[in-house]
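The values are calculated or read from the model by the stated rules, or taken from the named source; none is laboratory data. Source: prediction; values computed, not measured. Reconstructed Cβ throughout: ideal geometry from the backbone, glycine too, with neighbour counts over all protein chains shown. We work out accessible area using only protein heavy atoms, side chains counted, and drop any ligands, DNA or RNA first. Shrake-Rupley method; radii C 1.70, N 1.55, O 1.52, S 1.80 Å.
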Amino acid sequence: MTWTPDQPIISIKDVHKSFGDLEVLKGVSLDVMKGEVICIIGPSGSGKSTLIRCINGLNDVQGGSITVEGIEVHDPDLDKLALRKKVGMVFQQYNLFPHKTALENVMMAPLLVLKRDKAQVEEEARALIKKVRLEGKENSYPGELSGGQQQRTAIARSLAMNPDVMLFDEVTAALDPETVKEVLVTIKDLAAEGMTCILVTHEMGFAKEIADHIYFTDRGVIVEHGPPSTFFERASDPRTREFLSQIL
Amino acid sequence: MKTIPGVTARASTDLPVLKPFDVAAHSPDSMMMTRWVAGLPWWSPAAILTISLIWPAIAYAQSSYSIGQATEALWRWMPFLLREGFLLNVLISIFAMLIGTLAGAALGLGQISINKWVRRFAWFATQLFRNSPWLVILFIVLLALPFEVRIFGTIMTFPDWWKAVIGLSLPVMANISEIVRGAVASVPTAQWEASESLAFSRRQTLWRIILPQCFKRMIPPWMNWYAILTMATPLCSLLGVQELITLSRQAMESENNHPELLMPFYGFALLMFFIYCYPIARATIALERRFSVKL
Ligand SMILES: Nc1ncnc2c1ncn2[C@@H]1O[C@H](COP(=O)(O)OP(=O)(O)OP(=O)(O)O)[C@@H](O)[C@H]1O
Ligand SMILES: [Mg+2]
């Protein structure tokens, strides 16, 4: 089966995932079209991180199917590296490589994984660093950068692989309120350029502004979803209403 | 050192504060010996020398053999003991460390292999050689290895001191294996996940991301094991290897086995080990402090 852009770029169908006896995902389904931005919100421990980690195969699943551009992620014969070249991921704790400078962090994957030409990779990496507004920090080590700067470096590092989809797992949760904005602006730019994004976030205002579709998860299921206009005004499920009343 | 109110400085509150129990400061660690040696004062060698020369005078006051004679005998033998004896101890320690490090690095990587059987074998070999008495390992190697081996028609003899090298390298290998495993485990799993999500292969992740981050952390414990190994080389005298202790014994025999010689000769041996290992211990502790500040 070949994938065409009119089909969902990511299709999650009835995914079940357990850690030992603990069932974390109890049948989750959602579709994302190319260029769409979706936000996943929900209380702590509801399985948001687990869900997006399943999309690039960092977690395996016990049931159901996840496809990315028509490729079944949990096919045991799948070349995981091929999948991960299409899917970029940014983590809450940045997870930059501390022994490499910002520029080297961005250049590493294209050089080692894609085996591309160094001069060209460097030129693109410098452009990416500029794009996330970090000119002048190319030669700084992660330990010398602020949280917000590290997170933007991490975004540039993912973008350097030229992915089709970006996953963001609470990327602003570890930042101070003042630096949150600079990271959100970077993500907004990306979304505006048509990057397909899946964001787990607690920034409701941002979700409202940026998302095409919002999913609310609780205890391993998607309780409710909809475009932000209707989702925030007319949430019907009592769990969603309780969550929103606490957070807004 | 950072001062923490209520822990290392006066608390700024008069409310009761539960002080943390500093586990690290109260439990023995694998570098205990190095820490102890590095903590000894600079005049320790002089003290060792003085005690070993004065002791016979006190212990054998009635004897006709004087301190002067014992000291003179030691003085005569000293160049020989150093050149023929201690040098061999150093050589054995260097070769055993070399082999132990290479084999230990391989075994340590085996312990984190994705292949279950490689992992189990590496774990078993590590535990076996880490927890067996060194002397037993030495004797087994001595008896198990042939005196000579035939490779492509040429006969290679295996002198006893080479068997000692192999025998001592085995426990070193096992301990280096643990150092490698522990260092790799000390890197947060988030680093593995970050490189996995960038489509790095496992091999690339290990060599490009994980090992460069924990390499420095392995150096102090590695040096610690070198010091322990060096101090264990006198075990080889039990195999008849002509190292410092064996030669000291032979030297005393040819000096008619006066008991007054025991302290000066063995004291000298102790001094040699101390002078060799003390700088290593100091450097180890200094490096450990330096590396522990920056992650
Ligand atoms: N590797 C793991 N092993 C065992 N249990 C896990 C593991 N990872 C997550 N869990 C459990 O799965 C549940 C869902 O975790 P998850 O991280 O997906 O929640 P979350 O919605 O992202 O929460 P948060 O908002 O706090 O990040 C939690 O109860 C967590 O304890
Ligand atoms: Mg999470």
Problem set entry | Restricting segment A:187-212 to residues that are more than 15 Å from ligand 2 (Cβ to nearest atom) and more than 20 Å from A:GLY88 (Cβ to Cβ), the residue that is least open to solvent (accessible area, probe 1.4 Å) | A:MET204
For this session: Sort out which residues of segment A:173-222 are in contact with a His (Cβ under 8 Å, 6 or more places away or on another chain) and modelled with pLDDT of 90 or more, and write them in order of number.
Result: A:HIS213, A:ILE214, A:TYR215, A:PHE216
Problem set entry | Where B:VAL241 falls short, out of the listed (1) over 30 Å from A:VAL165 (Cβ atoms); (2) of a type in the set (A, V, I, L, M); (3) in a helix (DSSP H, G or I) | (3)
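Wholly within segment A:6-57, which strands (runs of 3 or more DSSP E) include no fewer than the required count, namely at least 3 residues that are surrounded by 15 or more Cβ atoms within 10 Å (Cβ to Cβ) and within 14 Å of ligand 2 (Cβ to nearest atom)?
Here the list reads A:37-41.
Would you say B:LEU206 is in contact (Cβ under 8 Å) with a residue 60 or more places away in the chain and more than 30 Å from A:TYR94 (Cα to Cα)?
In short, no.
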Exercise. Does any residue in segment A:157-185 that is within 14 Å of chain B (Cβ to nearest Cβ) and touching a residue at least 12 places away in the same chain (Cβ under 8 Å) come within less than 9 Å, Cβ to Cβ, of a residue that is within 16 Å of ligand 1 (Cβ to nearest atom) and of a type in the set (Lys, Arg) six or more places away or on a different chain, and which pairs are these?
Worked result: A:LEU167/A:ARG53; A:ASP169/A:LYS48; A:ASP169/A:ARG53; A:GLU170/A:LYS48
Seminar exercise, completed: If we ask which residues in segment B:198-210 are more than 7 Å from every other protein chain (Cβ to nearest Cβ) and either touching a helix residue (DSSP H, G or I) at 6+ places or on another chain (Cβ under 7 Å) or in a loop (DSSP other than H, G, I, E, B) (or both), their number turns out to be 2
Exercise. Of all residues in segment A:61-90, how many are within 14 Å of chain B (Cβ to nearest Cβ), touching a residue at least 24 places away in the same chain (Cβ under 8 Å) and among the charged types (D, E, K, R)?
Worked result: 3
Exercise. In segment A:189-209, which residues are away from ligand 1 (no atom under 16 Å from the Cβ) and touching a helix residue (DSSP H, G or I) at 6+ places or on another chain (Cβ under 6 Å)?
Worked result: A:ALA191, A:CYS197, A:LYS208
Exercise. Which ones in segment A:88-103 are away from ligand 2 (no atom under 16 Å from the Cβ) and of a type outside the set (S, T, N, Q)?
Worked result: A:GLY88, A:LEU96, A:PHE97, A:PRO98, A:HIS99, A:LYS100, A:ALA102, A:LEU103
Exercise. What residue, among those in segment A:105-138 that are more than 13 Å from chain B (Cβ to nearest Cβ), under 22 Å from the mean Cα position of the chain (by Cα) and among the small types (Gly, Ala, Ser), is most open to solvent (accessible area, probe 1.4 Å)?
Worked result: A:ALA127
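Output the residues belonging to segment B:149-175 that are of a type in the set (S, T, N, Q) and at pLDDT 90 or above. Lay out the reasoning, then the answer.
First pass over segment B:149-175, keeping only residues of a type in the set (S, T, N, Q): B:154, B:157, B:169, B:175.
Passing the criteria: B:SER169, B:ASN175.
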Problem set entry | Subset of segment A:71-104 [outside any helix (DSSP H, G or I) and open to solvent by 40 Å² or more (accessible area, probe 1.4 Å)] | A:ILE71, A:GLU72, A:HIS74, A:ASP75, A:PRO76, A:ASP77, A:ASP79, A:GLN92, A:GLN93, A:PRO98, A:HIS99, A:LYS100
Problem set entry | strands (runs of 3 or more DSSP E) contained in segment A:144-231 and holding at least 3 residues out of contact with any strand residue (DSSP E or B) (no Cβ under 7 Å at 6 or more places or on another chain) | none
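Among the residues of segment B:209-219, which ones are under 17 Å from B:ILE99 (Cα atoms) and without any contact (Cβ under 8 Å) to a residue 60 or more places away in the chain?
Step one: list which residues in segment B:209-219 are under 17 Å from B:ILE99 (Cα atoms), which gives B:218-219.
Once the filter is applied, which keeps residues that are under 17 Å from B:ILE99 (Cα atoms) and without any contact (Cβ under 8 Å) to a residue 60 or more places away in the chain, segment B:209-219 yields only B:MET218.
In segment B:152-210, how many residues are of a type in the set (Asp, Glu) and closer than 30 Å to B:ILE228 by Cβ? Show your work before the answer.
Kept after step one, since they are of a type in the set (Asp, Glu), are these residues of segment B:152-210: B:160, B:178, B:193, B:196.
Narrowing further to those that are closer than 30 Å to B:ILE228 by Cβ: B:160, B:178.
Of the residues in that region, 2 qualify.
Report, by residue number, each residue of segment A:213-234 that is within 11 Å of A:ILE41 (Cβ to Cβ) and either within 16 Å of ligand 2 (Cβ to nearest atom) or in contact with a Phe, Trp or Tyr (Cβ under 8 Å, 6 or more places away or on another chain) (or both). Don't jump to the end; show me each part of the working.
Step one: filter segment A:213-234 for residues within 11 Å of A:ILE41 (Cβ to Cβ), giving A:214-218, A:222-225, A:228, A:231-232.
Once the filter is applied, which keeps residues that are within 11 Å of A:ILE41 (Cβ to Cβ) and either within 16 Å of ligand 2 (Cβ to nearest atom) or in contact with a Phe, Trp or Tyr (Cβ under 8 Å, 6 or more places away or on another chain) (or both), segment A:213-234 yields A:ILE214, A:TYR215, A:PHE216, A:THR217, A:ASP218, A:ILE222, A:VAL223, A:GLU224, A:HIS225, A:PHE231.
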For this session: Report, ordered by the first and then the second residue, all pairs with beta carbons closer than 6 Å, sequence separation of six or more or different chains, a first member in segment B:174-197 that is more than 8 Å from chain A (Cβ to nearest Cβ), and a second member that is open to solvent by less than 10 Å² (accessible area, probe 1.4 Å) and among the small types (Gly, Ala, Ser).
Result: B:ILE176/B:GLY100; B:ILE176/B:GLY104; B:SER177/B:GLY104; B:SER177/B:GLY108; B:VAL180/B:GLY108; B:ARG181/B:GLY108
